[in-house]
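What follows is one structure encoded as structure tokens, with my remarks underneath.
The values are calculated or read from the model by the stated rules, or taken from the named source; none is laboratory data. Here the structure is a predicted model, which is why all the values come from computation and not from measurement. Quick reminder, even Gly has a Cβ in these numbers, built from the backbone with ideal geometry, and neighbours come from all protein chains shown. For the accessible areas, the whole protein counts, side chains as well, though only heavy atoms, and no ligand, DNA or RNA atoms are used. Shrake-Rupley method; radii C 1.70, N 1.55, O 1.52, S 1.80 Å.
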Amino acid sequence: MQTTNKNMKATAFDTTVFKRILEYAKPYKMRFNGVILFAIFLSVFAALRPYLLKLTVDDYIKTNDKNGLLWYVTLMGIVLILEVLSNFFFVYWANWLGQDIVKDVRVKLFKHMLSFRMKYYDTAPVGQLITRSVSDMESIAKIFSQGLFMIGSDLLKMVVILGFMLKENWRLTCIVFVAMPILVYITRIFQRKMQVSFEEVRNQIANLNTFVQERVTGMKIVQLFNREDIEFEKFKEINSKHKKAWIKTILYNSIFFPIADIISSLTLGFIVLYGGFRILNGDTSTSFGDIFSYTMYIGMLFNPLRQIADKFNEMQMGMISANRVFEILDTKEHIQDIGTIEAPIFEGTIEFKDVRFSYIENEEVIKGINLKVKSGQTIAIVGATGAGKSTIINLLNRFYEINSGTIFVDNQNIHDYTLDSLRKQIAVVLQDVFLFADTILNNITLNNPDISQEQVVAAAKKIGVHDFIMSLPEGYDYNVKERGVMLSSGQRQLIAFLRAYVSKPSILILDEATSSIDMYSEELIQRATETITTGRTSIIIAHRLATIINADKIVVMDQGIIVEQGTHHELLSQKTGYYKNLYDSQFILNT
């Protein structure tokens with residue numbers, strides 16, 4: 001992420017990025033062309049009004065022609081209505097196109113993020129990913145709604161207006177040509193300053209989002225450790241940097257726009273002065289109509305010119321945001337899904353053969369383990385924190401890629417199975433259960449249309465969870481709110497058990513699923529465990545050894561290697577064994 005910030009200045013107007021954005025407009029070619037067409041209409045109708053005003057003054061007001069005056073005023077009204085309609089369709093279609101493009105990019109980005117391997121999320125700041133998916137996307141929309149088309153329309157309008165002005169009075173137009181380069185030069189300086197300023201603004205927004213998201217998510221830790229004042233001071237510091245970044249942009253705006261207004265006013269003053277003197281001197285090449293029309297032309301010419309800088313900045317912010325989004329889209333952090341075999345309903349035999357793995361290069365956490373699990377067997381994996389227990393299930397699900405060795409399921413390398421079909425056959429119940437802000441039913445089925453409510457109710461009754469769910473307000477339709485805060489940890493765990501059970505997995509994994517629950521929930525979970533492990537291969541990872549005494553095999557791990565294997569009684573018979581010492585220490589603590 002830091003690389004993005006450092007290189008942003010160099011890539012803000014990368015033509016490659018711009019062309020890539022335009023690629024997303026191809027499905028909406030008709031609307032794209034329509035916006036261009038209405039921009040042309042808008043330019044012509046805008047330039048016509050001052051020209052008609054000139055003709056009205058010179059040909060009908062001076063000659064006291066009331067009928068001609070009424071006709072031209074009516075004609076100006078019609079042109080005004082056409083200009084308003086053109087402006088409506090131009091703005092509406094440009095914004096509509098921008099939102100359609102953003103919708104497509106956002107969908108593509110989210111789908112891309114869904115396929116990232118877990119290693120990416122281990123290091124990527126969540127707040128920054130949210131910023132890319134939300135606020136950066138809206139900035140991309142402004143490329144079309146406030147940037148590209150608006151700038152193009154303004155430039156076209158200026159060209160058309162200058163054409164009309166040269167046709168009317170080239171002498172007065174020369175005054176404009178003297179003033180315009182000055183305003184263009186000032187605009188360019190302003191744009192460069194704003195480029196740097198807006199880069200800083202986007203960086204500070206991302207930092208602010210990251211900080212707030214992390215603190216809100218971890219509010220319990222903040223309050224438990226009495227860090228409210230410390231975090232508040234940190235927030236004030238980040239917020240202050242965010243404010244300073246915005247104030248810099250406000251300062252540049254406060255300097256530029258008054259200067260632009262002064263140049264515009266001075267230009268108009270010189271035109272009135274010069275044109276007035278020529279009229280007073282009897283020069284027929286300059287008329288009162290010219291003076292009237294040029295007062296309108298100057299505003300229509302200079303206002304877009306000074307606003308182009310602002311719109312250019314909007315476009316620039318969109319380009320910066322697009323560059324950041326494309327950087328995520330170009331990130332190759334996917335698990336390679338090159339398998340060709342659709343995983344059937346597994347018999348459930350599992351084998352780890354000489355498997356090595358490291359989260360960080362040259363720091364192995366799994367050191368050449370060999371492990372066999374028979375079909376329908378329930379094995380337990382125990383060991384100290386950091387021994388590599390949870391890593392084994394991450395590798396079985398292919399959340400991470402092994403360094404070397406092979407993992408087999410039903411005597412087939414798991415890389416030969418398609419990723420989707422492999423994971424469908426494996427259900428995992430984690431210690432830290434994540435529930436969405438939705439109903440209990442939807443948290444169980446995860447909106448899978450193939451799982452009916454009747455199936456959920458039947459499964460809940462079978463594993464002994466139905467009564468608990470029905471005791472809640474609205475039962476299965478009870479909304480558990482964000483992360484399931486309306487339920488206790490034990491209740492969330494029961495929901496996770498039911499979620500795993502209704503998916504009908506061939507292989508079940510329980511990762512510390514009973515480590516932090518009350519006695520009542522533990523009884524329900526023990527019953528649920530017995531039910532859902534029956535008839536399928538199950539792997540139980542546990543600290544509490546009392547919960548895995550009846551496992552068919554217990555695997556003891558220490559520092560990434562398997563140090564012991566056997567049944568509970570076999571391992572206890574080893575007087576100086578690792579498991580015996582672990583069991584005795586827990587038994588003594590519990591007594």
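Within segment 200-219, is even one residue in contact with a Lys or Arg (Cβ under 6 Å, 6 or more places away or on another chain) and open to solvent by 10 Å² or more (accessible area, probe 1.4 Å)? Yes, there is a match, as at least one residue in segment 200-219 is in contact with a Lys or Arg (Cβ under 6 Å, 6 or more places away or on another chain) and open to solvent by 10 Å² or more (accessible area, probe 1.4 Å).
Checking each residue of segment 103-120 against the condition of being in contact with a Pro (Cβ under 8 Å, 6 or more places away or on another chain) and open to solvent by 20 Å² or more (accessible area, probe 1.4 Å) gives at least one match. Just one of (1) modelled with pLDDT under 85; (2) open to solvent by 50 Å² or more (accessible area, probe 1.4 Å); (3) within 26 Å of Ser585 (Cβ to Cβ) fails for Arg492. It is (3). Residue-level analysis places Thr267 outside the set of residues that are surrounded by fewer than 16 Cβ atoms within 10 Å (Cβ to Cβ), modelled with pLDDT of 80 or more, in a helix (DSSP H, G or I) and among the hydroxyl-bearing types (Ser, Thr, Tyr). Does Asp337 satisfy being within 24 Å of Ile140 (Cα to Cα), within 40 Å of the chain's Cα centre (by Cα), open to solvent by 20 Å² or more (accessible area, probe 1.4 Å) and among the charged types (D, E, K, R)? No: the conditions fail for Asp337. Residues that are modelled with pLDDT under 85 and open to solvent by less than 50 Å² (accessible area, probe 1.4 Å) within segment 360-382 are absent altogether.
Counted as qualifying within segment 50-149 are the helices (runs of 4 or more DSSP H) with 2 or more residues that are among the charged types (D, E, K, R), namely 66-114, 118-123, 135-142. Take the conditions (1) open to solvent by 50 Å² or more (accessible area, probe 1.4 Å); (2) closer than 30 Å to Asn362 by Cα; Asn447 misses just one of them, which is (2). When you look at Ala460, is it at pLDDT 85 or above and either open to solvent by 80 Å² or more (accessible area, probe 1.4 Å) or under 30 Å from Phe399 (Cα atoms) (or both), yes or no? Answer is yes for this residue. Annotation: Ile230 fulfils all but one of (1) open to solvent by less than 70 Å² (accessible area, probe 1.4 Å); (2) in a helix (DSSP H, G or I); (3) not aromatic (Phe, Trp, Tyr); the unmet one is (1). Hey, any hits in segment 167-174 for a residue that's closer than 30 Å to Arg132 by Cβ, surrounded by 17 or more Cβ atoms within 10 Å (Cβ to Cβ) and touching a Leu at 6+ places or on another chain (Cβ under 9 Å)? No, because not a single residue in segment 167-174 is closer than 30 Å to Arg132 by Cβ, surrounded by 17 or more Cβ atoms within 10 Å (Cβ to Cβ) and touching a Leu at 6+ places or on another chain (Cβ under 9 Å). Of the residues examined, Glu237 is not one that is without any contact (Cβ under 8 Å) to a residue 24 or more places away in the chain, part of a helix (DSSP H, G or I) and either open to solvent by less than 40 Å² (accessible area, probe 1.4 Å) or β-branched (Val, Ile, Thr) (or both). Restricting Asp330, Asp354 to those that are charged (D, E, K, R), under 30 Å from Val17 (Cα atoms) and free of Cβ contacts under 8 Å to residues at least 60 places away in the same chain reduces the list to Asp330.
Take the conditions (1) in contact with a Leu (Cβ under 9 Å, 6 or more places away or on another chain); (2) under 30 Å from Val184 (Cβ atoms); (3) of a type in the set (D, E, K, R); Arg398 misses just one of them, which is (2).
To keep it simple, each residue is scored yes or no on (1) modelled with pLDDT of 90 or more; (2) touching a strand residue (DSSP E or B) at 6+ places or on another chain (Cβ under 8 Å); (3) open to solvent by 30 Å² or more (accessible area, probe 1.4 Å).
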residue	(1), (2), (3)
Asn7	no, no, yes
Glu23	no, no, yes
Asn33	yes, no, yes
Phe45	yes, no, yes
Pro50	no, no, no
Gln99	no, no, yes
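For Asp310, are the conditions met, namely being among the acidic types (Asp, Glu), assigned to a helix (DSSP H, G or I) and open to solvent by less than 20 Å² (accessible area, probe 1.4 Å)? No: the conditions fail for Asp310.
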